[in-house]
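**Q** Could you have a look at this structure, given as structure tokens, before my questions?
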Amino acid sequence: MKACGLIVEYNPLHNGHVYHIQQAQKLTESDCTIAVMSGNFTQRGEPAIMDKFSRTKAALSAGVDLVVELPFLFAVQHADLFAKGAVSILDALKVDHLVFGSENGSIESFHHAQKERQKNQTAFETVLKKQLENGLSYPEANRAAYELVGINSALDLSSPNNILGFAYLQAAEALHSPIQVDTIRRIQAGYHEQSITGPIASATSIRSAWQDEKIQQVKAAVPEKTFELMEAEELHSWEAYFPLLRYLILTRPAETLRQIHGMDEGLEYRFKKYINQALNFQQFLSLIKTKRYTWTRLQRVCVHLLSNTQKHMNREHLEQAACPYIRILGMNKNGQAFLSSRKKQLDVPLYTHLKDGMHPVADLELQAADAYNSILPPEIAAASRRQEISPPIFA
């Protein structure tokens, strides 16, 4: 079976995602569509609006055949590590194609940028490091490094999906993977667009509209199944976690906070200094944000604080060449047939559920799941925890 891989978050799955799925299937003429999906926390350091199981159901209803989890270890990281984990999973599954959405829409531009960077790799890394030390965000530092090194590229590497797509290409190259990488241009809505203006809207604008109770706008921008799941679930946002985050910061000494992944350069003191001045999460991040400490970086640190993700644990496992296992979240008959065809070729363990002690990365996943469920009523949180140790969703 020829397989097409997608790297997704579906936070939530919307009409633009359905377009991506359909166009990827058309472009690759694949027999099976596989989504590597972030779990309960996203790459930008946000609690997913719906849990991973609801988002898996939405994906299966939209034409995906197999959903596998991008472990928390890789999911809440900068683009290069996020890409490393996701591409290594698709490579381990022997997927033929990887298709991503981008602002650019031309894979030739990505290949050209990659070749130019390879020719100037040492100089590029030196300048990038200096720009980051000067306090620029990663996208800004990346763009500045290209300009200062004189790399001639038509690819805008300050655009979020272009950054991720370029990271996918780099990860495939590093793995010496035979996966054919291609891209589809995103249509209509921009990544950060704040308002819904039609049937294709950004996930950001959909989440914002839902919080503002603009229900009909959301309904027009998402598939019926997504809307049904959103109505049925208690939706998550950072504000719901703020009391717990505040408690952790107030009751942990700076030395303890310093051990949290991402809590570098004395950032723990800014957390301690401003937590009593903030009335909500948005205000807290506004107080501690600087040119050096970007909003996204701070949100990731907050996620790692909530989940008690320690530096030493992340450092040890992020240095590994690839993801240590493949965890199935859901599938249909076609996805099941694909797994049967690939099972004997797999070089890493295939997990249909998680349990304590099976692998340190899986233990961290369960830890993150408990953090995500901590704001829920006990009976709902317990039911969600049971799903972690149950068989995958079958559509």
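**Q** Could you list, in sequence order, the residues of segment 27-59 that are surrounded by 24 or more Cβ atoms within 10 Å (Cβ to Cβ) and over 20 Å from ARG207 (Cα atoms)?
**A** Of everything in segment 27-59, those that are surrounded by 24 or more Cβ atoms within 10 Å (Cβ to Cβ) and over 20 Å from ARG207 (Cα atoms) turn out to be CYS32, THR33, ILE34, ALA35, VAL36.
**Q** Taking the residues in segment 32-87 that are more than 26 Å from MET1 (Cβ to Cβ) and of a type in the set (D, E, K, R) as candidates, determine which candidate is modelled with the lowest pLDDT.
**A** Step by step, filter segment 32-87, then rank; the result is ASP80.
**Q** If you don't mind, there's one more thing I want to ask. Let me confirm something: among GLY165, GLY135, GLY198, which residue is among the small types (Gly, Ala, Ser), closer than 30 Å to GLU265 by Cα and in a loop (DSSP other than H, G, I, E, B)? Steps first, please.
**A** Working: GLY165 fails: in a loop (DSSP other than H, G, I, E, B); GLY198 fails: closer than 30 Å to GLU265 by Cα.
Unique residue meeting the criteria: GLY135.
**Q** So how many residues does segment 43-96 have that are basic (Lys, Arg), within 14 Å of the chain's Cα centre (by Cα) and under 25 Å from GLN345 (Cα atoms)?
**A** The initial filter retains those residues of segment 43-96 that are basic (Lys, Arg), namely 44, 52, 55, 57, 84, 94.
If we keep only those that are within 14 Å of the chain's Cα centre (by Cα) too, we end up with 44, 52, 55, 84.
Now restrict to residues that are under 25 Å from GLN345 (Cα atoms): 84.
Adding up the residues that qualify gives 1.
**Q** Only residues that are crowded, with 19+ Cβ neighbours inside 10 Å and either under 22 Å from GLY85 (Cα atoms) or touching a Gly at 6+ places or on another chain (Cβ under 7 Å) (or both): list them for segment 140-158, please.
**A** ASN142, LEU157
**Q** Answer yes or no: is there a residue in segment 117-131 that is within 20 Å of the chain's Cα centre (by Cα) and either outside the structural domain of LEU98 (by TED's automatic domain parsing) or of a type outside the set (Phe, Trp, Tyr) (or both).
**A** no
Here's the yes/no breakdown for (1) surrounded by fewer than 19 Cβ atoms within 10 Å (Cβ to Cβ); (2) out of contact with any Leu (no Cβ under 8 Å at 6 or more places or on another chain); (3) acidic (Asp, Glu):
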{"site": "GLU268", "(1), (2), (3)": "no, no, yes"}
{"site": "LYS273", "(1), (2), (3)": "yes, yes, no"}
{"site": "ILE288", "(1), (2), (3)": "no, no, no"}
{"site": "HIS312", "(1), (2), (3)": "yes, yes, no"}
{"site": "HIS317", "(1), (2), (3)": "yes, no, no"}
{"site": "MET331", "(1), (2), (3)": "no, no, no"}
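**Q** If you don't mind, another one. Need pairs with beta-carbon distance below 8 Å; first residue over 10 Å from LEU250 (Cα atoms) and within segment 263-280, second at pLDDT below 95; sequence gap 6+ or separate chains.
**A** Pairs found: MET263/LYS311; GLU265/ARG292; LEU267/TYR293; ARG270/TYR293.
**Q** Please count how many residues of segment 293-310 are touching a Leu at 6+ places or on another chain (Cβ under 8 Å) and either among the basic types (Lys, Arg) or in a helix (DSSP H, G or I) (or both).
**A** 7
**Q** Sticking with this structure for a sec: Among (1) at pLDDT below 90; (2) in contact with a helix residue (DSSP H, G or I) (Cβ under 9 Å, 6 or more places away or on another chain); (3) not basic (Lys, Arg), where does ASP182 come up short?
**A** Failed condition: (1).
**Q** Also, quick follow-up: Name the residues in segment 353-388 that are modelled with pLDDT under 95 and among the hydroxyl-bearing types (Ser, Thr, Tyr), would you?
**A** Correct list: SER384 only.
**Q** Look at LEU93 and say whether it is of a type outside the set (Gly, Ala, Ser) and closer than 26 Å to PRO391 by Cα.
**A** yes
The values are calculated or read from the model by the stated rules, or taken from the named source; none is laboratory data. Please read all numbers here as calculations on a predicted model, not as lab measurements. As a convention, Cβ positions derive from the backbone with ideal geometry for all residues, glycine included, and neighbour counts pool all protein chains shown.
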